[in-house]
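These notes are about the structure you will find just below.
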Amino acid sequence: MSEAKIASGLSRRMFMTASVSAVAAMPLVNSSKSADQPTSAKPAGPRDLSAVSMRINKQPYNLALDNRTSLLDALRDHVGLTGTKKGCDHGQCGACTVLVDGKRVLSCLSFAIMNQGREITTVEGLVSTDGELHPVQQAFVDHDAFQCGYCTPGQIMSAIGCINEGHAGSEDDIREYMSGNLCRCAAYPNIVAAIVQARDEIRRA
Amino acid sequence: MRPFVYERPTSVSSAVDIATHADTGQSPPTAANTQFIAGGTNLADYMRLGVAQPERLIDLNTLVEPALRQIRIEDDAIRFGALVRMSEAADNGDVRRRCPLLAESLQFAASGQLRNMASLGGNVLQRTRCEYFRETSWPCNKREPGSGCAAMEGFNRQHAVLGTSDACIAAYHGDFAQALIALGATVDIEGQQGRRTLAFAKLHRRPGETPNIETDLAADELITAIEVPLAPWSSRSRYLKIRDRESYAFALASAAVALDMDGERVRSARIALGGVATVPWRASAAEDTLKGKVLDEAAARAAADVAFADAKPREHNAFKIPLGKRTLVRALLETRDMKG
Ligand SMILES: Cc1cc2nc3c(=O)[nH]c(=O)nc-3n(C[C@H](O)[C@H](O)[C@H](O)COP(=O)(O)OP(=O)(O)OC[C@H]3O[C@@H](n4cnc5c(N)ncnc54)[C@H](O)[C@@H]3O)c2cc1C
Ligand code: SF4
Ligand code: FES
Ligand code: FES
């Protein structure tokens, strides 16, 4: 994929690449306790931190978190992966969508501690090691499927889930099964077109 | 959010044990100090809003019993484990074929992400979205017994017209529950006192004078499974949901319909109404009016009039009565036209 193809998305792409390498260079956070130490053995007090270990974008993380921390806040504030966005914090907008064990979920309504041992994929984890965008990312660039871009990481993660589930058959299906991702800029027609392109490309691959 | 202790039991009996020993009060489960969590899509939201304030959460996702995650299709019933996700049940080919109503009520609820998270057990126990219940600065008899009801004279467009009381008019917003009550489902429950099976129709309580008590469950009781009998009406069934927007919205009005037909005539009809009542709502009297009749538009309208005969509107929700009737008429006629 050439840089020229990106056109207006150039600075966005460079930003994505930059944030990926920043994450890779980051040390494990608070790696104090051992990975799969069960908290049920002796529940701590409500204000004690709990050990949570999960893989995020194929890297292991051992975190010490307040039980109240959402997966979204863990990713953004504790791991430093700010690609995942907070729109409503109440399950109503889809901006915080990530994949957990390959399935799209809302990270704002998931307590981080309930993700012990799981594999999390965020938008930062989509670019291949040689820097090539994921087909869904590339399709969003090709179709200009955003304006402000705030909903975009959630749209992209949700689109990947939607395609993997087999719910991207027709444009009507896409609209129905992507309805959990709101776009305040109303880039919907372009988002649907992007998903059609990405679906076909993923099917061919 | 109130700080909480987090527990990861591995079996139903240990989950029940924790709930029993950690909790002393007689409060309904929703006010108990110890609460179960499954998908968390309802409870985490209400904890963040300060509406629910458990000091101990018991995670059900670490329970190992396989049946909790299985959908079993038997000759005369479909059994759903309580931890089956909404998306798994909605996408199950046998469920879709044997009983479209069940699959549709899940498919048109919430969003793709929420359906991947939410469990069937948690789904039927989801709490109302009444705006005054959600915002803790308002008086609300359900959240704070005796404080009053801000919705009564407030903006009550979303609120119920059936099954209301002077204390509370909050709607029950779930969709799946309408399918379950129409189809005569049962729930399996396990608690300190042992196991019991309850008619789904007995699970939810109308608000009456104690809208804070929402179900028949005790704080130590866990739903383990939901069973739906398969009957002649199962395959000719559908869920029609009418919303402010086409998708990703709660029902303003909905109808769950299942029909057993003898040619043009109705042998047996099953009807439930969503978005309009305080609890999952079976319209038994409307079902009776259809028995033995030719199901044409006039008969459907007569049944809809009966279904809403006792409806009590407030200032902003009177539109739900004509809307609810039209929804039911359309659902009846569309179900009639399905292949049995
Ligand atoms: C934006 C949004 C839109 C939505 N739209 C719809 C819609 O259109 N239609 C619809 O039907 N729903 C809708 N929902 C509600 C959603 O379906 C419910 O939140 C979900 O089904 C709850 O399941 P859960 O597993 O996440 O429950 P949780 O949040 O984990 O639990 C809910 C309650 O049930 C209790 N509980 C859970 N499992 C058990 C069990 N096995 N035994 C005993 N108690 C248990 C918990 O203690 C808690 O009180 C929407 C939700 C959101 C956030
Ligand atoms: S309708 Fe019910 S839930 Fe809503 S404010 Fe009144 S008492 Fe509370
Ligand atoms: S931030 Fe999670 S759905 Fe809006
Ligand atoms: S691009 Fe602005 S919110 Fe979607």
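The values are calculated or read from the model by the stated rules, or taken from the named source; none is laboratory data. In this text the structure is predicted, and so the values were computed from the model without any measurement. Cβ: placed from backbone, ideal geometry, glycine included. Neighbour counts: every protein chain shown. Accessible surface is based on the protein model in full, side chains and every heavy atom, while ligands, DNA and RNA are left aside. Shrake-Rupley method; radii C 1.70, N 1.55, O 1.52, S 1.80 Å.
Worth pointing out:
- Scanning segment B:130-152 for residues that are in contact with a Phe, Trp or Tyr (Cβ under 6 Å, 6 or more places away or on another chain) and under 17 Å from B:Arg314 (Cα atoms) turns up B:Tyr132, B:Cys140, B:Ala150, B:Ala151.
- Restricting segment B:99-114 to residues that are open to solvent by less than 10 Å² (accessible area, probe 1.4 Å) and more than 13 Å from the chain's Cα centre (by Cα), the residue that is nearest to the other protein chains (Cβ to nearest Cβ): B:Ser111
- Residues satisfying the stated conditions in segment B:49-86, i.e. in a helix (DSSP H, G or I), over 20 Å from B:Pro229 (Cα atoms) and either aromatic (Phe, Trp, Tyr) or open to solvent by 60 Å² or more (accessible area, probe 1.4 Å) (or both): B:Pro66
- Within segment B:115-131, being assigned to a helix (DSSP H, G or I), touching a residue at least 40 places away in the same chain (Cβ under 8 Å) and either within 13 Å of another protein chain (Cβ to nearest Cβ) or surrounded by fewer than 23 Cβ atoms within 10 Å (Cβ to Cβ) (or both) holds for B:Met117, B:Gly122.
- Filter result for A:Ile120 (outside the structural domain of A:Ser179 (by TED's automatic domain parsing), within 16 Å of ligand 1 (Cβ to nearest atom) and open to solvent by less than 10 Å² (accessible area, probe 1.4 Å)): no
- Some residue of segment B:241-256 being of a type in the set (S, T, N, Q) and touching a strand residue (DSSP E or B) at 6+ places or on another chain (Cβ under 8 Å): yes
- Exactly one residue out of A:Ile163, A:Ile156, A:Ile191 is open to solvent by less than 20 Å² (accessible area, probe 1.4 Å) and farther than 20 Å from A:Thr82 by Cα, and it is A:Ile191.
- Hits in segment B:226-235 - residues which are out of contact with any Gly (no Cβ under 7 Å at 6 or more places or on another chain) and outside any strand (DSSP E or B): B:Leu230, B:Ala231, B:Pro232, B:Trp233, B:Ser234
- Boolean, B:Thr10 is assigned to a loop (DSSP other than H, G, I, E, B) and open to solvent by 30 Å² or more (accessible area, probe 1.4 Å): yes
- Only residues that are under 22 Å from B:Arg129 (Cβ atoms), in a strand (DSSP E or B) and β-branched (Val, Ile, Thr) were counted in segment B:199-225, giving 2.
- Helices (runs of 4 or more DSSP H) completely within segment A:94-199 that count 2 or more residues being of a type in the set (S, T, N, Q): A:135-142, A:152-165
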